[in-house]
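Presented below is the structure to which this report refers.
The values are calculated or read from the model by the stated rules, or taken from the named source; none is laboratory data. Please read these numbers as outputs of a predicted model, since none were measured by experiment. Cβ coordinates were reconstructed from backbone atoms using ideal geometry, including for glycine residues, and neighbour counts include every protein chain displayed.
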Amino acid sequence: MVRRLNLPDNASVATPGQDGRLHAPSAERNAGPITDLLRDVAPPRGRALEIASGTGQHIVSFARALPGLTWQPSEIDPARMASINAWAASAALPNLMPAQHLDATTPDWHSVQSGQTLIVVINLLHLISDTETRTLLHEASVALVPGGRLVVYGPFLRDGETTSEGDARFHASLRATDPAIGYKDDFDVVDHLQGNGLSMVEVVEMPANNIAMIAERR
Ligand SMILES: C[S@@+](CC[C@H](N)C(=O)[O-])C[C@H]1O[C@@H](n2cnc3c(N)ncnc32)[C@H](O)[C@@H]1O
């Protein structure tokens, strides 16, 4: 895939902090609600892969809250990988692995990431194209063990429409940057999940107009 470097300023905000740790205000805000969700829907034991771990703030919270899972962060961006490792070093959790490089839109990545009990992808689909989204969802579904779960979180179109002025502006700014990217339609994503051998478990409304989709490999 093309790594998009010219996204709008608010697409992926992170500022440098102590010891190489980047801080994303949005990750700080939604880490609590997403961690609470995972406490409810994640399998208790096994291997958990996070795609596009960003600064690493989320996965530290997840690994602390769900110690029965071994958490593997991954990223496309080397600067973010360094931040993930800095957050992991400061947390010193035995179930949190060093970051791995992963372009989640590359065909066949499941062959090096197979056997996952849980895969989590937060705030990425609106930054990639439809084709890349289909590749990502396919690869994630085949990387799961039977009974394994995929959690997809982010902003989505609801039946083709944005649901607030802020979402409409953000979606339009993404499209202006690259007509191939922008919010994905919730029904399309559910169709892709089901078409890849996953059953929908639930769709949860999250703060700030986001949705979490939870699907399980049959
Ligand atoms: C909006 S940030 C979200 C980060 C984190 N998940 C969060 O919610 O705080 C998007 C992240 O996706 C990463 N990313 C972009 N394209 C990617 C790809 N093809 N594969 C994996 N990660 C990607 C970026 O480097 C960035 O860290």
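Given the residues I59, I51, which is the only one that is surrounded by 22 or more Cβ atoms within 10 Å (Cβ to Cβ), within 12 Å of the ligand (Cβ to nearest atom), without any contact (Cβ under 8 Å) to a residue 40 or more places away in the chain and of a type in the set (A, V, I, L, M, F, W, C)? Sole residue among the options that is surrounded by 22 or more Cβ atoms within 10 Å (Cβ to Cβ), within 12 Å of the ligand (Cβ to nearest atom), without any contact (Cβ under 8 Å) to a residue 40 or more places away in the chain and of a type in the set (A, V, I, L, M, F, W, C): I59. The residue that is nearest to A42 (Cα to Cα), counting only those in the range 116-142 that are more than 8 Å from the ligand (Cβ to nearest atom) and either modelled with pLDDT under 95 or not in a helix (DSSP H, G or I) (or both), is L118.
Only one residue in A143, A86 is surrounded by fewer than 20 Cβ atoms within 10 Å (Cβ to Cβ) and touching a residue at least 60 places away in the same chain (Cβ under 8 Å). Which one? Write out each step before concluding.
Details: A143 fails: surrounded by fewer than 20 Cβ atoms within 10 Å (Cβ to Cβ).
Only one candidate qualifies: A86.
In the set F187, F156, F170, only one residue is assigned to a helix (DSSP H, G or I), of a type outside the set (S, T, N, Q), modelled with pLDDT of 95 or more and closer than 23 Å to P33 by Cβ; that residue is F170.
If the condition is being touching a helix residue (DSSP H, G or I) at 6+ places or on another chain (Cβ under 6 Å) and either among the basic types (K, R) or within 9 Å of the ligand (Cβ to nearest atom) (or both), then the range 62-82 contributes only E75. Taking the numbered list (1) within 10 Å of the ligand (Cβ to nearest atom); (2) over 18 Å from A208 (Cβ atoms) in turn, P43 passes all entries but (1). Just give me the residues in the range 113-132 being farther than 22 Å from L38 by Cα and touching a Lys or Arg at 6+ places or on another chain (Cβ under 6 Å), in sequence order. Scanning the range 113-132 gives no hits. For the range 97-115, a residue qualifies if it is within 9 Å of the ligand (Cβ to nearest atom) and among the aliphatic types (A, V, I, L, M), and the qualifying residues are L102, A104. When residues in the range 189-211 are screened for being free of Cβ contacts under 8 Å to residues at least 40 places away in the same chain and either among the polar types (S, T, N, Q) or surrounded by 14 or more Cβ atoms within 10 Å (Cβ to Cβ) (or both), 4 of them pass. Filtering the range 91-115 to residues that are outside any loop (DSSP other than H, G, I, E, B) and either of a type in the set (S, T, N, Q) or more than 23 Å from V201 (Cα to Cα) (or both) leaves A91, L96, Q100, H101, W109, S111, V112. Among the residues of the range 146-178, what is the count of those that are buried (at least 19 other Cβ atoms within 10 Å of the Cβ) and out of contact with any helix residue (DSSP H, G or I) (no Cβ under 8 Å at 6 or more places or on another chain)? Selection size over the range 146-178: 2.
When D19 is tested against the conditions (1) of a type outside the set (K, R); (2) over 16 Å from the mean Cα position of the chain (by Cα); (3) assigned to a helix (DSSP H, G or I); (4) closer than 22 Å to N209 by Cα, the lone failure is (4). Whenever a residue of the range 155-169 is free of Cβ contacts under 8 Å to residues at least 60 places away in the same chain, its partners that are loosely packed, with under 15 Cβ neighbours inside 10 Å and of a type in the set (F, W, Y), lying with C-beta atoms within less than 9 angstrom and at least six residues away or across chains, give the pairs L157/F187; R158/F187; D159/F187; G160/F187.
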